[in-house]
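Before any comments, here is the structure.
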Amino acid sequence: MMQAADPADRRHGGDALVENFAGLGAAIVFDAMHAMGLPNGVMDARVRHLSGAPVAGRARTVDRSTAAANARQPSFGADLAMGTQQVIDSARPGEILVIALGGDASGATWGANMATRAAALGVQAVITDGAVRDIAEMPAIGISVYAQGTSPRVNFQHIVTRSIDEPVMCGGVLVAPGDIVIADRDGVIVVPAAQAQEVAQRAQALQETEQRMQAAIRDGAGLVDAIRLYKIR
């Protein structure tokens, strides 16, 4: 179903590839990727909208995980202890931070201090398969949040950072730096940068067809007949 435009939609310009996804929701982008035979890029449904507007932008990545029983951060690189903060400090306007936690939501990997700095640099959103905190502050800070849940606990000691700006697995989906991430209330989908232009064009065409189909239904056409006529899938 076509997604209505959100007046608070924060997808903005500056990147021609991202601009191709203006007005396209996660659902229609999925339909396009499916029609093209591309692998499923939808994150697990546990990664859901918690705060803020729909977004589309380039991914910046942080790979974090539960620490090994016999190793803490120094074993993975002491210089990565503040890897998330380094990525935030180097972020550019319009980017989306993807923080992979391997599904560990036992403590928050994101909070108000990080959000304040990220928003000041023009970051649109944080997406994580872990947990966040200070969620009530996010609307005022002006950053969208998609996560598995919330927790007041911070991730000291038992979480390590393994890499930054490298491909990660988040919500069951591979995300490479520079991939296009689209997130709204339907969920989060990742489009590989190499296929993004073609996916956006296919999604736009599908959306136009759906608009015609829905207009026909409103004019009295039966659903079966409309589906047969427009063959949108």
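Failed condition for residue 21, given (1) out of contact with any strand residue (DSSP E or B) (no Cβ under 6 Å at 6 or more places or on another chain); (2) part of a loop (DSSP other than H, G, I, E, B); (3) modelled with pLDDT of 95 or more, with all others met?
Going through (1) out of contact with any strand residue (DSSP E or B) (no Cβ under 6 Å at 6 or more places or on another chain); (2) part of a loop (DSSP other than H, G, I, E, B); (3) modelled with pLDDT of 95 or more one by one, residue 21 breaks only (1).
For residue 215, work out the one condition from (1) assigned by TED's automatic domain parsing to the domain that holds residue 146; (2) free of Cβ contacts under 8 Å to residues at least 40 places away in the same chain; (3) farther than 23 Å from residue 91 by Cα it doesn't fulfil.
Exception for residue 215: condition (1).
Considering every residue within segment 147-156, establish whether at least one is over 23 Å from residue 41 (Cα atoms) and of a type in the set (Phe, Trp, Tyr). Before you say what the answer is, go through the steps one by one.
Quick first cut of segment 147-156, residues over 23 Å from residue 41 (Cα atoms) only: 150-156.
Those left that are additionally of a type in the set (Phe, Trp, Tyr): 156.
Yes, segment 147-156 has at least one match.
Report yes if some residue within segment 92-108 is touching a helix residue (DSSP H, G or I) at 6+ places or on another chain (Cβ under 8 Å), crowded, with 18+ Cβ neighbours inside 10 Å and closer than 19 Å to residue 185 by Cβ; otherwise report no.
Going through segment 92-108, the residues touching a helix residue (DSSP H, G or I) at 6+ places or on another chain (Cβ under 8 Å) turn out to be 94, 97, 99.
Subsequent filtering for residues that are crowded, with 18+ Cβ neighbours inside 10 Å retains 94, 97, 99.
Next, only the ones that are closer than 19 Å to residue 185 by Cβ stay: none.
Taking every residue of segment 92-108 in turn, none turns out to be touching a helix residue (DSSP H, G or I) at 6+ places or on another chain (Cβ under 8 Å), crowded, with 18+ Cβ neighbours inside 10 Å and closer than 19 Å to residue 185 by Cβ.
Mind checking whether some residue in segment 212-232 is acidic (Asp, Glu) and more than 30 Å from residue 107 (Cα to Cα)?
yes
Determine the pairs where a residue that is at positive phi and outside any strand (DSSP E or B), located within segment 49-61, has a partner that is at pLDDT 95 or above and of a type outside the set (A, V, I, L, M) with Cβ atoms under 6 Å apart, the partner being 6 or more residues away or on another chain.
Listed by first residue and then by second, the contacts come to 52/144.
Could you list all residues from segment 117-137 that are aliphatic (A, V, I, L, M) and closer than 17 Å to residue 94 by Cα?
Within segment 117-137, 118, 119, 120, 121, 123, 125, 126, 127 qualify.
When you look at residue 56, is it of a type in the set (A, V, I, L, M, F, W, C) and at pLDDT below 95, yes or no? I'd like the intermediate steps shown before the answer.
Working: of a type in the set (A, V, I, L, M, F, W, C): yes; at pLDDT below 95: no.
Considered against the rule, which asks whether it is of a type in the set (A, V, I, L, M, F, W, C) and at pLDDT below 95, residue 56 comes out as no.
Only residues in segment 218-233 that are assigned to a helix (DSSP H, G or I) count as the first member; pair them with residues that are modelled with pLDDT of 85 or more and surrounded by 10 or more Cβ atoms within 10 Å (Cβ to Cβ), Cβ under 7 angstrom, at least 6 apart or cross-chain, and list the lot.
As it stands, the answer is 223/217; 226/213; 226/216; 226/217; 230/209; 230/212; 230/213, since those pairs meet every condition given.
Please give the number of the condition residue 106 fails out of (1) more than 26 Å from residue 176 (Cβ to Cβ); (2) touching a residue at least 60 places away in the same chain (Cβ under 8 Å); (3) among the hydroxyl-bearing types (Ser, Thr, Tyr).
(2)
Among the residues of segment 115-145, count how many are among the β-branched types (Val, Ile, Thr) and either touching a helix residue (DSSP H, G or I) at 6+ places or on another chain (Cβ under 6 Å) or at pLDDT below 95 (or both).
Step one: filter segment 115-145 for residues among the β-branched types (Val, Ile, Thr), giving 116, 123, 126-128, 132, 135, 141, 143, 145.
Narrowing the set further to residues that are either touching a helix residue (DSSP H, G or I) at 6+ places or on another chain (Cβ under 6 Å) or at pLDDT below 95 (or both) leaves 116, 141, 143, 145.
Final tally of qualifying residues: 4.
The values are calculated or read from the model by the stated rules, or taken from the named source; none is laboratory data. Given the structure is predicted, the values throughout are model-derived calculations rather than measurements. Please note: Cβ atoms are built from the backbone with ideal geometry, for glycine as well, and neighbour counts cover all protein chains shown.
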